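The values are calculated or read from the model by the stated rules, or taken from the named source; none is laboratory data. No experiment lies behind these values; they were computed from the predicted model shown. As a convention, Cβ positions derive from the backbone with ideal geometry for all residues, glycine included, and neighbour counts pool all protein chains shown. Accessible surface areas use protein heavy atoms only, side chains included; no ligands, DNA or RNA. Shrake-Rupley method; radii C 1.70, N 1.55, O 1.52, S 1.80 Å.
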Amino acid sequence: LRAIEWGIDDSRAAQVLCQLYCSQGRRHEACRQALRLARMGALKSEELHSLLDRSGPFQLVSFEEFIPRDRVTLFDLGEARILDAVEQDHDAALAKVQAVSSSVPNHPAVEAMRGKLLALRTGNQEALEQWHRSLPDGVEEQPEYWFAIGIWQRDAGQDRAAIRSFAEAIRRDPTDRVAMREIKSALIRLREDSKAQSLRDTIAVLDEIYR
């Protein structure tokens, strides 16, 4: 709230919001604030580092003393990212995101990640259909929403539609190498080997950078 009071063009507001959103696992919103800082010429090295992988967990500062422990909050979304990406406990990650969805309903970042985990970790078509029927406004701005849709379409054998969805995910998160690999695989299935090779070369360069 203090950050909002400072004003939309104030670098202090963008910095605090970037820190808050990172801790809450709202990585897309956090990166938008980091990019605002870059445009203001106020981007610090740690905020720059946060832009290298825009979907993984990343904490700039600790909000531990402000996090209530008697209820589920958006900070649990940040913990879910750690469970999924770092600890590789995908079932626990999905359970935590489901809990956040119940406690903080109709939140675009929460529902986008929930859809991604349902699609990527479970492949449960019935659960995905139920998820898709009750999405909040603004969820289409989230790259993880498009990734979830792409996986859903891939599993339904709709490779060209999946490619378009993965491309939308990459447009919103240009660091999403998993979506790039999904496009490459879909192009191979469609026998468009020259396009797949071009993308393979791009992925190889990015893998070298992120190694």
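Sort out which residues of the stretch 140-154 are more than 11 Å from the chain's Cα centre (by Cα) and either farther than 15 Å from L187 by Cα or at pLDDT below 95 (or both), and write them in order of number. Give the derivation first.
From the stretch 140-154, those more than 11 Å from the chain's Cα centre (by Cα) are 140, 149-154; that's our starting set.
E140, I149, W152, listed by residue number.
May I ask you to verify whether V205 is in a helix (DSSP H, G or I), without any contact (Cβ under 8 Å) to a residue 12 or more places away in the chain, closer than 25 Å to L35 by Cβ and among the β-branched types (V, I, T)? Walk me through how you get there before you give the answer.
Working: in a helix (DSSP H, G or I): yes; without any contact (Cβ under 8 Å) to a residue 12 or more places away in the chain: yes; closer than 25 Å to L35 by Cβ: yes; among the β-branched types (V, I, T): yes.
Judged against the criteria, V205 is a match.
Hey, any hits in the stretch 184-191 for a residue that's under 18 Å from M113 (Cβ atoms), at pLDDT 95 or above and either open to solvent by less than 70 Å² (accessible area, probe 1.4 Å) or among the charged types (D, E, K, R) (or both)?
Pass one, the stretch 184-191, residues under 18 Å from M113 (Cβ atoms): none.
For the stretch 184-191, residues under 18 Å from M113 (Cβ atoms), at pLDDT 95 or above and either open to solvent by less than 70 Å² (accessible area, probe 1.4 Å) or among the charged types (D, E, K, R) (or both): absent.
For the stretch 133-162, which residues satisfy the criterion of being at positive phi and in contact with a helix residue (DSSP H, G or I) (Cβ under 6 Å, 6 or more places away or on another chain)? Working first, answer last.
First, the residues of the stretch 133-162 that are at positive phi: 138, 157.
Scanning the stretch 133-162 gives a single hit, G138.
Which condition from (1) modelled with pLDDT under 95; (2) out of contact with any His (no Cβ under 9 Å at 6 or more places or on another chain); (3) charged (D, E, K, R) is the one that R171 breaks?
Only one criterion in (1) modelled with pLDDT under 95; (2) out of contact with any His (no Cβ under 9 Å at 6 or more places or on another chain); (3) charged (D, E, K, R) is unmet by R171, namely (1).
Might you check whether a residue that is part of a helix (DSSP H, G or I) and surrounded by fewer than 18 Cβ atoms within 10 Å (Cβ to Cβ) occurs anywhere in the stretch 100-111?
Of the stretch 100-111, the ones part of a helix (DSSP H, G or I) are 100-103, 108-111.
Those still in the list that are surrounded by fewer than 18 Cβ atoms within 10 Å (Cβ to Cβ) too: 102-103.
Checking the stretch 100-111: at least one residue is part of a helix (DSSP H, G or I) and surrounded by fewer than 18 Cβ atoms within 10 Å (Cβ to Cβ).
From S165, S198, S194, which residue is part of a helix (DSSP H, G or I), small (G, A, S) and either at pLDDT 95 or above or in contact with a Phe, Trp or Tyr (Cβ under 6 Å, 6 or more places away or on another chain) (or both)?
The unique qualifying residue is S165.
Could you grab the pairs with beta carbons closer than 9 Å, sequence gap of 6+ or different chains, first residue in the stretch 112-127 and without any contact (Cβ under 8 Å) to a residue 12 or more places away in the chain, second one open to solvent by less than 70 Å² (accessible area, probe 1.4 Å) and among the hydrophobic types (A, V, I, L, M, F, W, C)?
As it stands, the answer is N124/L118; A127/L118, since those pairs meet every condition given.
Give the stretch 155-171 a look and list any residue that's buried (at least 21 other Cβ atoms within 10 Å of the Cβ) and either within 16 Å of A109 (Cβ to Cβ) or of a type in the set (K, R) (or both), or say none.
A169
Restricting to the stretch 38-57, name every residue that is more than 23 Å from L118 (Cβ to Cβ) and open to solvent by 30 Å² or more (accessible area, probe 1.4 Å).
Taking the stretch 38-57 and keeping what is more than 23 Å from L118 (Cβ to Cβ), we get 38-52.
Residues satisfying the conditions are A38, R39, M40, G41, A42, L43, K44, S45, E46, L48, H49, L52.
Say whether the condition of being closer than 22 Å to A162 by Cβ and of a type outside the set (G, A, S) is met by at least one residue in the stretch 90-101.
Restricting attention to the stretch 90-101, the residues satisfying the condition of being closer than 22 Å to A162 by Cβ are 90, 94.
With of a type outside the set (G, A, S) added as a condition, the list becomes 90, 94.
Yes, that holds for at least one residue.
Give me the pairs, please: first residue somewhere in the stretch 181-198 and under 19 Å from F147 (Cα atoms), second residue anywhere and of a type in the set (G, A, S) and surrounded by 13 or more Cβ atoms within 10 Å (Cβ to Cβ), beta-carbon distance under 6 Å, and either six or more positions apart or on two chains.
So the pair list comes out as K184/A196; A186/A162; L187/A196; I188/A196.
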